1. Which whole-number percent gives the relative contact order of segment A:358-516, counting Cα pairs below 8 Å spaced six or more residues apart?
2. What net charge is computed for the residues neighbouring A:Ala453, neighbours being all others with C-beta under 15 Å from the C-beta of A:Ala453, Lys and Arg scored +1, Asp and Glu -1?
3. Find the relative contact order for chain B and round it to a whole percent, using C-alpha pairs within less than 8 Å whose residues are 6+ positions apart.
4. Need the full-extension length gain, B:Asp99 to B:Glu320, defined as separation in residues times 0.36 nm minus the C-alpha distance. One decimal, nm.
5. Show me A:285-295, A:308-318 ranked by packing, highest mean number of other Cβ atoms within 10 Å first.
6. Is the shape of segment B:163-309 best called rounded, prolate or oblate, per the rule: a/c under 1.5 gives rounded, else a/b larger than b/c gives prolate, else oblate, with a ≥ b ≥ c the square roots of the Cα gyration tensor eigenvalues?
7. How high is the relative contact order of chain A, given as a whole-number percent (alpha carbon pairs under 8 Å, six or more residues apart)?
8. Based on Cα coordinates alone, diagonalise the gyration tensor for chain B, multiply each eigenvalue by 5, take square roots, and list the semi-axes in whole Å, largest first.
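Every number in this text was worked out from the coordinates using simple rules, so none of it is lab data. Computed from a predicted model, the values in this text were never measured in an experiment. Cβ placement follows ideal geometry from the backbone for every residue including glycine, while neighbour counts extend to all protein chains displayed.
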Amino acid sequence: MIRRAVLLLPPVLFLGLFLGYPLVTILGISFSAGEGVDLSGFGRIIGSAYHRELIIYTSGQAALATVITLGLALPAAGVFARYRWPGKSTMLALTTLPFVLPPVIVAAALLALVGERGLVNDALMSVTRQTAPLIRLERTAVIVIAAQVFYNFSVALRMIAGYWAAHSPRIEEAAQGMGVTGWRLWRQVRLPMLRPALFSAALLVFVFNFTSFGIMLILGGGQFVTLEVEIYTQTMSLFNLPLAGALSVVQIGVLLAVVLVYTRLQRTIITPRLTVAVAARLPVGWRQWRGVVAVNVALVLGIFAPLAALVVRSVIVNGELSFVHYGALASPGRGSVLAAPPLMAAGLSVGYALITTGLAVVLAVCAAYGLAGNTRRAGVSSVIDGLLMLPLTVSAVTLGLGFITALDEPPLNLRTSPLLVPIAHTLAALPFVIRSVLPALLAIPRSLREAAAVMGASHAMVLRRVDLPLVGRGMLVGASYAFTISMGEFGASLFVARPDAHTLPLVIYRLLGQPGASNYGQALAASVILLAICAFVFVLIERVQVGEGRAW
Amino acid sequence: MFRVIVFFIAGLLLMGSARSLPAAAQPGSVLTVVAHDSFIYTQAVMEAFTERTGVAVEVLRLGDAGNLVNQSILSRENPLGDVMFGVDNTFLSRALEADLFVPYESTALETIDLAFVLDDQHRVTPVTVGDICLNYDVAYFADSDLPVPDDLRDLTNPAYRELLAMPNPALSSPGLAFLLLTVAVFGEVGDYTYLDYWRDLAVNQPYIAPDWTAAYYGAFRGADGGIGSHPLVVSYASSPPAEVFFAVEPLETAPTAAITEPRMCFRQIEFAGILHGTDNLATARQFIDFLIGREFQEDMPLNMFVFPVNEEAMLPPVFEEHAVLPAEPVTMDIERIDAGREIWIEAWTEVMLR
């Protein structure tokens, strides 16, 4: 299986060059700021009750939000896996949309709905004839957690639903035939069956909640702070690099520990099994329809209503329908602060996103095959698997400074190169794509491939007829995340220096940097364009046929 | 599969050998300016510089002012550009201490108010001036019995409970300026220090946003179309003219106004400097002259919403009409800022958020 292990080389090389090297460089600088090696930051963290509490709080809120996210996503995923109804796959694909928006826009969308002057309060106030808002969620833990769930719900839903759909419903039916129903069915049949996808989703959602930055600060009114925020403060504002470096190491350490426990577990929980995917069927009877309707209503209210509020606000100007903001976006002149026309920005964003998607999918498939093939050295594999998750654990600001300090000389003089943008995006996207592909790949029983080979199928044919139908879905889900992550300028890429090339999110940030209704309206309009591009691409991706089945 | 790997490695080598854009051009033909994200200008004005000097200007934007300074310090040995624009008086000492700049005393300085020149070695040159002030929602206070506050102490009055939104001083430069204002006004020792003030203000529960954008658009109700509920926000004295200039439909009066009473505003000055290690020294000097020349100074107000430092520069009509440059803004020595900045931020965070 030496050939398989070679496949690990490209992803490991990529991460080593563009993550490991910058990280080691900036940490080296951080810990040698004064004379000699300065590790006092670690002492300060251990000695400070505030920092200890911060680590506990950050982990705790992440765990809580993860449990809630999975708890909500699980029943919905069941409905998506088992039944089909008109518009289902589009709906599932579109749940990813919140991912692409800048935090300040997501906050605006949520507040437009449940804020003190939002729609829900307006309605409640007019019904109850009260003058004060009845629901006051701003600056509470409730809205902070709700925002985390809003962001991550689709990660859990799509991963679990995709995995679930690849399993035959006959196992469940057999169990039901034997009288296993209700909670027992969940506990004894469904949860064990779904464990690989559940753990994958939980891991990503947890890591993502752990490193939460903007949305928590905006909705929490400064009271809720994560380790990531503290790293930013210590780096940018206090320029205390020894402490910032130590905090970075702590964050990477905590998250890497979680990841390694997971990758270790993954080996034991995924037992290859012969799966015969049966096409989802139309719901029968009111009980099944009830589930379908409930999931649809919940998605519309929970995810699409805030986004719709955004769209509505971008086209309602002074109480009337108007596309003036979209017009202003197209014509930089009076009332616009932009140097680049937004259409060009949109084109550039899509270009970066396509490069990112291609790069991330190729690297992730290499990684997944390399890891899945290496069965004899499971321990080594799970460590490498864990290290491939590293990009999600590194603080964006740390990595940004790492780029500046490490990639500054030929042959890797990339710090002002436009190439650094898709590279940074790929770093953020890679873990998502790997986690979308690997569980499905590990679940393919060896016997299936051997049987195909015995029957005379070539290696390529096995890949196409056996692997692709089973892994393809995961690949496409991963590809949509890679595209979205790039379109949304996730994390470190915001700290990447670049010549006058403006992506759509940068246009939004710049518009939101100055006062004036026109700037704000144009920022909303640009956000809607961002949403529309992603929605369009999702629907395209969802129409791609993979192997025998529809790839949703 | 080997083909994929070969392709990948070839790609990496290609990327490695591809020199970055600024370096690819002939030396001397491009001047690279590192700036914060808000460095905005009219393209034609910059092209005029290129026409005069034959040198094209490339701008690298490095995030906010703090990020700009930190990245420049960390890349000091191998700087990202020839000139830096955008370090302000609140972070200037950090940049000077790191010895980032080559001194240059511009001949154009004679048109500039000397009060703005904070470094007597001329390592940096003042380019813009503005003030951090409270802004208020004009309609809200017109409908309310509450008077518009004309003293910082008013904000601690229970009548002003939950009316103020502000950016976090630890995360945002206008937030830091507002903290410095309270330090300058109330002092660090005595019966009533700046921390006593913040303890009293905390009772009134100001909304603390991570940055200016979240405070102004997310929490402030005065912004035209804004969804916030707070009628007071920490912003700039030049925000009201921006509300007029960037209105959707022409406005007679600004929906917001700045409070420019004495001891209510903090002066912010932004500087440019020539970075050590440039091989474009002559052009870099010309560029500094250009930044404080009349042409660029008159272009600035409507792009960056700051005031010119050049006394000969004319203000655009919307500034003449709607902007007020505070008569007695509060200032602070950069040495004092340098000695206290981190301590004040830590103390503020302790009082307000922990």
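1. 34
2. That works out to +2.
3. Averaging sequence separation for qualifying contacts and normalising by length gives 25 percent for chain B.
4. 75.7 nm
5. A:308-318, A:285-295
6. Since a/c reaches 1.5 but b/c is at least a/b, the shape of segment B:163-309 is classed as oblate.
7. Result for chain A is 24 percent.
8. Listed largest to smallest, the semi-axes of chain B are 38, 24, 22 Å.
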